[in-house]
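Everything below concerns the one structure shown next.
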Amino acid sequence: MFPHHREREQPIFSARAHVFQIDPTTKRNWIPASKHAVTVSFFYDANRNVYRIISVGGTKAIINCTITPSMTFTKTSQKFGQWADSRANTVYGLGFATEQQLHQFADKFKEVKDAARLAREKSQDKELANTALTIAAPQFSQDLSDELQSPPVMCVNGPEDKLFRSQSADITLSSEKERIKKMLSEGSVSFRSICEMNLEAELFTLQDSNSKLVAALHEANANVEQWKKQLAAYQEETDRLRDQVAELEAHGGQGPSDLLKDELTQSLEELESLLKAKDEEIHILQSKKAEYHEMEHERDEAIHRLREIEMRNSDLERRIQNSEQNLNNSLEERDRMDSEIQRAIEILDIKIFDLNDLRQSLVKLIDK
């Protein structure tokens, strides 16, 4: 089936990347789908007007994803991006060698997604036109109203997307540390550059966590305020219905009042159950808000540790500068000593020559 589709499809863009898939059990960890970097390509099927992302590792397809307008490619770090495929019930992650390759793939993904959206809109317009030609007007109106009242497609990017971002950031940070260790063993970087790269990586992680915390906290606060307003309205409605039930009980015995009483009692029970559900949702949101405060506290501690690292880095830089100055002074002192020793050797050579000359003169005197 796969080769048959490949005959009808044309490649429009290709890139090299390491492919990952989210763990279907934990939904927290990435599982490598390829041992090495593989080719990830965009294909276009002109017959079906469909765009797909395909990547082959060995003899099997590790990515076979049809692009839909609801998909979103998210850049979670400088060299890592991900998107969710609801049809395959998985999330794909791609690790690139450079940041430029990631930007190129993200731009192409957005371009292909827009093209898929336009293709879907054209297909829907064509189907509506064919329906108008073959079906009567009342039936067409009913179908169109049903289509307009159908619920929208839900987006698969939810809280798990935030989790995937932090996980991919950890993967990127660990890979960056391994790269720094390798460069240090080869002697290709200085101590100062290593500290700067460590600080940049940790600062990037903190900025990513900070943005996610702020967005989640704003969302939780907005939801809590909304539920509080609804809760107050439900409580007022409940009190009003209770007063009406009490009045009906006080004036019991009338037939229409009994029927109205039953209706009000049923409405009261429904409102009480809805009130209870909203109260539970408020408690859940408040607990999440406490968790966000705790994460914000951890972020402050991480910033404090980062500042301490910067202070230690500056202290180490001062020590390195002092050591370099002392080394330069020692080298200058050694050069000065070498020059003095050279002058002493020259003076000794002259003295030895003079003594030798004097010895020869004394020998001649003795011979006479």
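Scanning the stretch 236-247 for residues that are open to solvent by 50 Å² or more (accessible area, probe 1.4 Å) and either under 16 Å from LEU285 (Cβ atoms) or of a type in the set (A, V, I, L, M) (or both) turns up just one, ALA246. Within the stretch 41-76, restricting attention to residues that are in a loop (DSSP other than H, G, I, E, B) and in contact (Cβ under 8 Å) with a residue 60 or more places away in the chain, the residue that is surrounded by the most Cβ atoms within 10 Å (Cβ to Cβ) is THR76. Whether a residue is modelled with pLDDT of 75 or more and more than 20 Å from GLU280 (Cα to Cα) was assessed, and ALA233 does not pass this test. Taking the listed residues ILE53, ILE31, the one that is of a type in the set (A, V, I, L, M) and under 19 Å from ILE12 (Cα atoms) is ILE53, with no other qualifying. Scanning the stretch 152-167 turns up one or more residues that are closer than 21 Å to ILE54 by Cα, at pLDDT below 85 and open to solvent by 60 Å² or more (accessible area, probe 1.4 Å).
For the stretch 20-40, how many residues meet the condition of being among the polar types (S, T, N, Q) and assigned to a strand (DSSP E or B)?
Just the residues of the stretch 20-40 that are among the polar types (S, T, N, Q), to begin with: 21, 25-26, 29, 34, 39.
This time we only want the ones that are assigned to a strand (DSSP E or B), so: 21, 39.
Of the residues in that region, 2 qualify.
Selection within the stretch 1-17: residues that are at pLDDT below 50 and open to solvent by less than 80 Å² (accessible area, probe 1.4 Å). The member of this set that is nearest to ILE62 (Cα to Cα) is PHE2. Here GLU298, GLU333, GLU310 are screened, and the one residue that is among the acidic types (Asp, Glu), in contact (Cβ under 8 Å) with a residue 24 or more places away in the chain, out of contact with any strand residue (DSSP E or B) (no Cβ under 8 Å at 6 or more places or on another chain) and assigned to a helix (DSSP H, G or I) is GLU310. Being farther than 30 Å from LEU217 by Cα and in contact (Cβ under 8 Å) with a residue 60 or more places away in the chain is a property that ILE320 has.
Any residue at all in the stretch 93-113 that's in contact with an Asp or Glu (Cβ under 8 Å, 6 or more places away or on another chain) and open to solvent by 40 Å² or more (accessible area, probe 1.4 Å)? Checked against the condition, which is being in contact with an Asp or Glu (Cβ under 8 Å, 6 or more places away or on another chain) and open to solvent by 40 Å² or more (accessible area, probe 1.4 Å), the stretch 93-113 yields no hits at all. Per the conditions (1) at pLDDT 85 or above; (2) open to solvent by 90 Å² or more (accessible area, probe 1.4 Å); (3) more than 29 Å from the chain's Cα centre (by Cα), the sole criterion not satisfied by ARG305 is (3).
The values are calculated or read from the model by the stated rules, or taken from the named source; none is laboratory data. Everything numeric in this text was worked out from a predicted model, so none of it was measured. Cβ atoms come from the backbone with ideal geometry, glycine included; neighbour counts cover every protein chain shown. Keep in mind that these areas ignore ligands, DNA and RNA; they rest on the heavy atoms of the full protein, side chains included. Shrake-Rupley method; radii C 1.70, N 1.55, O 1.52, S 1.80 Å.
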